[in-house]
């Protein structure tokens, strides 16, 4: 908007004239903003282009602002960088489609924008409680009151906390938030204009994926020795409890009773159980670190890898797993069968990567103590550990051989 136009708007009572928005930046990049006023509440109404109404007003955080220093530091040499690059891969997948199928026009447009991180919200909130939205306005240009607000209705954003410097477990906080953005972006990518974003059926998968990445973020080492990892006391009590719960597989148990399994149907839609399975998948040699067929990598790094070099080696172990999971999830969505629960996601992954099926089923069956495969499951009591492992091994083999299904013990 020119200065003359701005003056005309003010004179004729059109002070709210809007300037056309230029792209915020490259899709394979991130930007850091802060609210000019409090952000909109989570779950706000969405407009016809998927944008949150009304658009919150953000201002850019300078590169040298000390509050953003933790973001820039761990984006370069920490786990947050792995997740930001995973989001770039997710956006590329959404832009290009998968196996000759395309995502919605709105999702493709959103995937052309950078990843937006907002310095707002409480670090006490879990990833699924942090405010997330689509679209915002930035203030700038013009002279004083004559400057209009540039509208960016397509940009997906999420809060990372208002003061990362004060968060001793910021890598865990930020990892959960960015991971949620990735999962929300993918789960909502098939929506048509006006459709629900992040359908309720996928909520446990979105939250579980975010929690799994939050745990890996806390585990991630930068440097050598104790200085390279978070101290056990870092973060809130809730963060430490969630981390320990996933690592110890406590979410499959009845709360307060570590010797009794929860009902199998509850496990499949519990974010903690989803997180435990995804965490074990990512860490597994037979799943997370296994090299996939070339067609999995072709859309991402196929033309940029020299002959004789494995795309998996270029991506690294974490993004190697992320690419496989994203492709499996995207394939199910575009195939008209978006995953509703954990078994759906496991099934989609097994169909996309059949060479990993045996190890994948074993991870799922062992993590859930066979509760979805055999009525009542297998005893989780430590005294029965040897017999339980043997039985779980047999159940995993029967599922891999097709003699049982992953839902065999669930009501039809």
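The values are calculated or read from the model by the stated rules, or taken from the named source; none is laboratory data. This structure is a prediction, so every number in the text was calculated from the model and none was measured. For neighbour counting, all protein chains shown are included, and Cβ atoms are generated from backbone atoms with ideal geometry for every residue, glycine included.
Okay, here's what the table says:
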read-out	value
Within the stretch 79-94, considering residues that are surrounded by fewer than 22 Cβ atoms within 10 Å (Cβ to Cβ) and touching a helix residue (DSSP H, G or I) at 6+ places or on another chain (Cβ under 7 Å), the one farthest from residue 214 (Cα to Cα)	92
Selection from the stretch 186-228 of residues that are at pLDDT 60 or above and not in a helix (DSSP H, G or I)	188, 189, 190, 191, 220, 221, 222
Selection from the stretch 117-130 of residues that are surrounded by fewer than 23 Cβ atoms within 10 Å (Cβ to Cβ), touching a residue at least 40 places away in the same chain (Cβ under 8 Å) and either in a helix (DSSP H, G or I) or on the phi < 0 side of the Ramachandran plot (or both)	119, 120, 122, 124, 126, 128, 129
Residue check, residue 113 within 14 Å of residue 33 (Cβ to Cβ) and at pLDDT 90 or above	yes
Residue that is surrounded by the most Cβ atoms within 10 Å (Cβ to Cβ), among those in the stretch 399-412 that are in contact with a helix residue (DSSP H, G or I) (Cβ under 9 Å, 6 or more places away or on another chain) and more than 22 Å from residue 262 (Cα to Cα)	400
Failed item in (1) in contact with a helix residue (DSSP H, G or I) (Cβ under 7 Å, 6 or more places away or on another chain); (2) farther than 10 Å from residue 189 by Cα, with residue 100 passing the rest	(1)
Within the stretch 55-97, considering residues that are outside any helix (DSSP H, G or I) and within 19 Å of the chain's Cα centre (by Cα), the one farthest from residue 168 (Cα to Cα)	97
Test result for residue 109, touching a residue at least 40 places away in the same chain (Cβ under 8 Å), surrounded by fewer than 20 Cβ atoms within 10 Å (Cβ to Cβ) and part of a helix (DSSP H, G or I)	yes
So residue 233, is it within 26 Å of residue 160 (Cα to Cα), without any contact (Cβ under 8 Å) to a residue 12 or more places away in the chain and surrounded by 15 or more Cβ atoms within 10 Å (Cβ to Cβ)	no
Members of the stretch 377-388 that are over 32 Å from the mean Cα position of the chain (by Cα) and either loosely packed, with under 13 Cβ neighbours inside 10 Å or closer than 23 Å to residue 344 by Cβ (or both)	381, 382, 383, 385, 386, 387
Test: residue in the stretch 166-182 that is surrounded by 17 or more Cβ atoms within 10 Å (Cβ to Cβ), out of contact with any helix residue (DSSP H, G or I) (no Cβ under 8 Å at 6 or more places or on another chain) and at pLDDT below 95	no
Qualifying positions in the stretch 237-259 - surrounded by fewer than 17 Cβ atoms within 10 Å (Cβ to Cβ) and outside any helix (DSSP H, G or I)	248, 254, 255, 256, 257, 258, 259
Selection status of residue 286, more than 22 Å from residue 356 (Cα to Cα) and in contact (Cβ under 8 Å) with a residue 40 or more places away in the chain	no
